[in-house]
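Throughout, read-outs are computed from the coordinates displayed, never taken from laboratory work. Remember, it's a predicted structure, so these values are computed and weren't measured experimentally. Here the Cβ positions follow ideal geometry from the backbone for every residue, glycine too, while neighbour counts run over all protein chains shown.
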Amino acid sequence: MKGIVKRFPGVLANDNVDFELQRGEIHALLGENGAGKSTLMNILAGLYRPDAGAILVNGRPVHFSSPRDAIRAGIGMVHQHFMLVPSQTVTENILLGLDEPRFLLNLKKYDQVIEDLGERFGLKVDPRAKVWQLSVGEQQRVEILKMLYRGAQVLVMDEPTAVLAPLEIEGLFTTLRAMVAEGKSVIFISHKLQEVMEISDRVTVLRRGKVTASGIPTEQVTREELARLMVGRDVIFQLDKQPQPPGELILQVDDLHAENDKGIPALRGVSLNVRCNEIVGIAGVAGNGQRELAQVLTGLRKCTGGSIRFKGEIINDKSPRCSIDLGMAHVPEDRTHVGSSPNLSITDNAIMKKYHREPISRGWMLDMPAASQFAQELKRAYDIIAPNVDTPARLLSGGNLQRLILAREISGEPSLIIAMQPTRGLDVGAIEGVHRLLLAQRSAGAGILLISEELDELLSLSDRVYVLYEGKIMGEVTISNGSDSSELVEKIGLMMTGTPLEQINEGIAG
Ligand SMILES: Nc1ncnc2c1ncn2[C@@H]1O[C@H](COP(=O)(O)OP(=O)(O)OP(=O)(O)O)[C@@H](O)[C@H]1O
Ligand SMILES: [Mg+2]
């Protein structure tokens, strides 16, 4: 890609970008939130047209006016939000939109073709399964298969690991390696620098739409140097967390039971507590009840047994509004559907928990100037990058949307914050910012329940960590400044795979 320029109203998303990809390499594309990575790749995949610049494939200039053109030139992209039809099978999804087969009658033959293709690249998925039955990781495999089936020589993956569990990430890396071994190439976008160090051959870094490092061999850089190239300053990976005695009990959960969407028990007797001035972590592999726990605590899902006490009051049967009024904040896992309303403006999203109260509500009406002023203050204080507060939330980059949600939740001065994966998809600089915000809330007296799959994050922020496995708490560990982190990691790791703490301690004692 040569001299690519792409302008959106109020932003220069790509400012004269050069990008070079070689055959048989995994090339990482890095940059802060809003740096222009997805824009550049959407241009390469035929979704956007550049305002200036050229794309050359094997030395020949190409012009894409749709993703179909791009795939014809061998370029396929897997987006972060999958584009599959839930009610159709894997094979049907893969064949969708292709001229072959004319008649969907001999579909069985294609099941085998898809299965063989999956085998070749280590992409395990049942071709006959309906897409709605698949996990997120499996759906991603279908998206990759779809591109491979269409003959992709270049696969663009936009933050593929953000939605995967650690084991699934290993699987994806195996697939990517199998692809480059066959002479295909991969462009890999991720904010997780250790992944980039592990999987990529070369790295290109974007900052505010411009290239700051172009195709440097990964082995020649360190994680710290990459972070500096991305954000233009040093990033502190180790936070300093001041010891602080916990305050009074604010959340008490006893023997909580709940079912998941399929009606299967997801929480099976969870008991835990959170105090003021304390960050309590919940560790565990995704899908062990974390989502249901966050939903039940915030009133978005009914429990089937047990009790939740918030500030001494039982809230199991109360509405989310009641918890909000008592001072509960919620940073949900799903930013685009639960955390925000994509088609509403920054202002409308910012006032969502305040619209019924003065000064934003005035009798039966909204005081729009007051609302917009409030949103502008948040935008400034939390450094949300957008042309103005009337911008629809869907146009914000991932990191800026998360800042908006945090700004709304924290500005209400909550006494309890339920935060699920609050730093997923954020760049290293933004992660540092979120961690600071959470620690500041802890000092200010809030209790924080932090549900995360990032063990490093849990260990550096939490005062205590519970481990959730198949809807049960396997045990609890306390983290102090002097704790031996390798021993903690080992204990937590064992609990994450289903060994209760007592058993681990017995093992150590024996
Ligand atoms: N369709 C669009 N309309 C208007 N502005 C857009 C559009 N798409 C992206 N932008 C803006 O262009 C800039 C670059 O966005 P882009 O999504 O490419 O960033 P990114 O590097 O992928 O960030 P992230 O790591 O957060 O995903 C941002 O300021 C974003 O708000
Ligand atoms: Mg992006």
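Cα gyration tensor of the chain, axes a ≥ b ≥ c as square roots of the eigenvalues: rounded (a/c below 1.5), prolate (a/b > b/c) or oblate?
prolate
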Packing-based exposure ordering (other Cβ within 10 Å, fewest first) of M197, M157: M197, M157
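So what is the relative contact order of the chain, in percent, for Cα pairs below 8 Å that sit 6 or more residues apart? Mind dumping the intermediate values first?
Numbers: 975 pairs, mean separation 79.0, N = 510.
For the chain, the relative contact order is 15 percent.
As a footprinting exposure proxy, order F374, F8, F82 by other Cβ within 10 Å, with the fewest listed first.
F8, F82, F374
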Links that overshoot a 30 Å alpha carbon limit, given the list K262/K318; K37/K379; K6/K124; K210/K379; K184/K210: K6/K124
Amide H contacts of F8 (H built 1.01 Å from N, under 5 Å, at least 5 apart or other chain): A13
Sequence-distant lysines (8 or more away, or on other chains) whose Cα lies within less than 21 Å of K491: K472
Residue order, fewest to most surrounding Cβ atoms within 10 angstrom, among I360, I508: I508, I360
Unit charges on C-beta of K, R, D, E only; dipole of the chain, Debye: 1660 debye
